[in-house]
Amino acid sequence: MNQRLRDILIHKTAADGTIEIENETPESVSQAPKETPTEGKASPELPTEATGETEQTKFITDAVEQMLCQQIGNELFAFYEYKAVGAWATSQGWDGFAAWGNAQACGELTHMQKILDFLVQLGCTPELPKISGIAARFDSMEKAVEGVLKRERAVTKNWRIIAKECLATFDSATLELAQWFVTEQMEEEDVAKTLLAKLAAAGTGAGILVLDGQLLAQYGG
Ligand code: FEO
């Protein structure tokens, strides 16, 4: 992390990956443009001619940039986590669950790339966070899916925090990105939640084999 970001850092990441706001009124919010009364004016004042400025437009605040860097780490963590579930499922002979985990992992990698591309396009040079603490074994498939659902919910919460920050700082560029991710999270949470419900209904007998076959048909290549 560069010194500039370190100096303005106002957020931190909790153990479960959730962004926590340390300062309820971040500097970026207090510095947001104040609304000016428009009474008596036909329209807001807009520049009518080029100013000749060559400085690159600052589309996002340093705080939002920092939060997006954290989200890159969360997407990478999710990628590893789904891959670990897929590998463990393969070791248990559950090819359908493995196909599901691996398919989800691919999705997480594209999410990470989407954030990275967004930041680079805006002229940022994000540092990729280190990833550690990925479980390799699980007590049951139910526990594994519970784990990824918990992670998905934390990621959703983070995007909502980012969207709120974007609204406070008039950051329409990142808001559009955050809205895309919130929609994606709705689907991912739903997939994990539905799988958990099916696992509960399947029990530990033949039902889980039927479910594994369904997942293989849906996600297997
Ligand atoms: Fe891309 Fe499931 O978070």
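Restricted to segment 76-85, and to residues that are of a type outside the set (F, W, Y) and surrounded by fewer than 23 Cβ atoms within 10 Å (Cβ to Cβ), which residue is nearest to the ligand (Cβ to nearest atom)?
L76
Return the only residue of F181, F170 being hydrophobic (A, V, I, L, M, F, W, C) and away from the ligand (no atom under 12 Å from the Cβ).
Going through F181, F170 in turn, just one is hydrophobic (A, V, I, L, M, F, W, C) and away from the ligand (no atom under 12 Å from the Cβ): F170.
Within segment 95-134, which residues are assigned to a helix (DSSP H, G or I) and among the β-branched types (V, I, T)?
T110, I115, V120
Answer yes or no as to whether A87 is in contact with a Ser or Thr (Cβ under 9 Å, 6 or more places away or on another chain) and either within 30 Å of K58 (Cβ to Cβ) or assigned to a helix (DSSP H, G or I) (or both).
Criteria not met by A87.
Looking only at segment 147-165, decide whether some residue is without any contact (Cβ under 8 Å) to a residue 12 or more places away in the chain and either in a loop (DSSP other than H, G, I, E, B) or farther than 18 Å from F118 by Cα (or both).
yes
Write out, first by first residue and then by second, each pair whose Cβ atoms fall under 8 Å of each other, whose residues are 6+ apart or on separate chains, and whose first residue, in segment 62-80, is farther than 22 Å from C106 by Cα while the second is within 11 Å of the ligand (Cβ to nearest atom).
Filtered contacts from segment 62-80: M67/N158.
For a quick check of your reading of the model, give me the residue pairs whose first member lies in segment 172-186 and is surrounded by fewer than 22 Cβ atoms within 10 Å (Cβ to Cβ), whose second is aliphatic (A, V, I, L, M) and assigned to a helix (DSSP H, G or I), with beta-carbon atoms closer than 7 Å and at least 6 apart or on different chains.
L175/A163; L175/L167; Q179/A163; V182/A163; Q185/V155
Which condition does S140 not pass, out of (1) more than 15 Å from the chain's Cα centre (by Cα); (2) over 30 Å from A217 (Cα atoms), if it passes all the others?
For S140, the exception is condition (2).
What is the residue count in segment 105-127 for residues that are modelled with pLDDT under 95 and either crowded, with 16+ Cβ neighbours inside 10 Å or under 14 Å from the mean Cα position of the chain (by Cα) (or both)?
Within segment 105-127, residues that are modelled with pLDDT under 95 and either crowded, with 16+ Cβ neighbours inside 10 Å or under 14 Å from the mean Cα position of the chain (by Cα) (or both) number 3.
Listed residues A136, A89, A99; which is away from the ligand (no atom under 16 Å from the Cβ), in contact (Cβ under 8 Å) with a residue 24 or more places away in the chain and surrounded by fewer than 16 Cβ atoms within 10 Å (Cβ to Cβ)?
Unique residue meeting the criteria: A136.
On the phi > 0 side of the Ramachandran plot and in contact with a helix residue (DSSP H, G or I) (Cβ under 9 Å, 6 or more places away or on another chain), is that true of G101?
no
Taking into account only those residues within segment 187-204 that are in contact (Cβ under 8 Å) with a residue 24 or more places away in the chain and of a type outside the set (D, E, K, R), which is farthest from the ligand (Cβ to nearest atom)?
Restricting to residues being in contact (Cβ under 8 Å) with a residue 24 or more places away in the chain and of a type outside the set (D, E, K, R), the top hit is A200.
Look at L149 and say whether it is at pLDDT 95 or above and either within 16 Å of the ligand (Cβ to nearest atom) or over 16 Å from I72 (Cα atoms) (or both).
The answer is yes for L149.
The values are calculated or read from the model by the stated rules, or taken from the named source; none is laboratory data. The shown structure was predicted, so the numbers you read here are calculated from the model rather than taken from an experiment. When we count neighbours, we look across all protein chains shown, and the Cβ atoms used for this are built from the backbone with ideal geometry, even at glycine.
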